[in-house]
Amino acid sequence: MCNTLGMDTATVGETPSRARRRTVSPFYVDLGARMRRVRKARKMSLADVEQLSDRKIRKNVLASYELGYRRVGIDALYGLAGFYGVPVESILPPVADRPLMVPVDELQAFVDSLRVAS
C-alpha cells in the first residue's frame, strides 16, 4: 500500500521507517535458524543459555536473533559461537542468491512452519 507521498507502508498512517522495520532479511532468518539448531543440538533452552552465561546472553535477545527479528552483530556472533564451542563458520549460512528483504508476513509463515516441524 502507498501513502499520499507515494511511499510504501504496511498500513494507513504507518511511517516509512516503521514499515522498513517490519521487513526482515532472509540472511538473518537463516542465521537465526542455524543458531537455534546449534543450541538445540546442545540440548539447551533459552533459559539455560541465559543462566550458564551469567545473564551475558539474555534469552529474549537470543530468541529475537533466532527468529530473525533482530540482527546479530559480529561480536555477539563470535561470542555465541565461543559459548557453544563451535567455529563461527558453522553458524553462518552459505552465500546464495536470495532477496535482500522479505515482508514480515512471509517471515511469520516461515516461523510457523518451524514450530510445526519441531
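The values are calculated or read from the model by the stated rules, or taken from the named source; none is laboratory data. If you're wondering where the values come from, they're calculated on a predicted model, not measured in any experiment. Ideal geometry is used to build each Cβ from the backbone, glycine not excepted, and the neighbour counts take in all protein chains shown. Just the protein is used for accessible areas: all its heavy atoms, side chains included, with ligands, DNA and RNA removed. Shrake-Rupley method; radii C 1.70, N 1.55, O 1.52, S 1.80 Å.
Looking at (1) open to solvent by less than 40 Å² (accessible area, probe 1.4 Å); (2) within 18 Å of the chain's Cα centre (by Cα); (3) modelled with pLDDT of 90 or more, which is the one condition that is false for V86?
So V86 meets the others, but not (2).
Which residue is farthest from S53 (Cα to Cα), if the candidates are limited to the range 89-108 and must be modelled with pLDDT of 85 or more and hydrophobic (A, V, I, L, M, F, W, C)?
Ranking the candidates gives L92 first.
Can you confirm whether L114 is among the aliphatic types (A, V, I, L, M), under 16 Å from V29 (Cβ atoms) and modelled with pLDDT under 85?
yes
Please go through the range 45-57 and pick out each residue that is part of a loop (DSSP other than H, G, I, E, B), over 15 Å from G32 (Cα atoms) and open to solvent by 30 Å² or more (accessible area, probe 1.4 Å).
D54, R55, K56 - these are the residues of the range 45-57 that are part of a loop (DSSP other than H, G, I, E, B), over 15 Å from G32 (Cα atoms) and open to solvent by 30 Å² or more (accessible area, probe 1.4 Å).
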